[in-house]
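Heads up: the structure comes next, in structure tokens.
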Amino acid sequence: MDIAFPMKPNVAAPVDYSKRRHQPEKDDFELNPAGEALLAYIEESARPKELAAAFPRIVNHMAKLWKIPREMNRYFEELLTDTRGKRNGFPLNILMELSTLDDYYKTKTRTATRDVWDT
């Protein structure tokens, strides 16, 4: 029990994420021009080809966030960490591509995300 609210149990109600999903759109099923441009921009060694083929909506969303390091880092964390529980997760090959792309992104944007404590 929560000390501040003794009558309220300290158990979070389960959330039905299926009701939060948006209706599928064209960009969910194929790369849009921004997603294609992002893939062309990323160096061959880090280019997520299998991710783009299997989950084009993710690459399209990355294209929107790519120049916003804080949001892009948050999106990588969301993709690489199960924050909702009971998710199947990505196949290993996709997970490896995401991890490689995350490392690549952090290397490329290191100067953009520095703070006053970095030397």
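Nothing in this text is a laboratory measurement; each read-out follows from the coordinates by a stated rule. The structure presented is a predicted model; accordingly, all values stated were derived computationally and were not measured. Here the Cβ positions follow ideal geometry from the backbone for every residue, glycine too, while neighbour counts run over all protein chains shown.
Some points to look at:
- Stretching Y41 away from D82 to a fully extended chain increases their span by 11.9 nm, per 0.36 nm per residue minus the current alpha-carbon distance.
- Here Y104, Y41, Y75 are placed in order of increasing Cβ neighbour count within 10 Å, fewest first, which gives Y41, Y104, Y75.
- Rounded, prolate or oblate (a/c below 1.5 giving rounded, otherwise prolate when a/b exceeds b/c) for the stretch 28-109 by Cα gyration tensor: rounded
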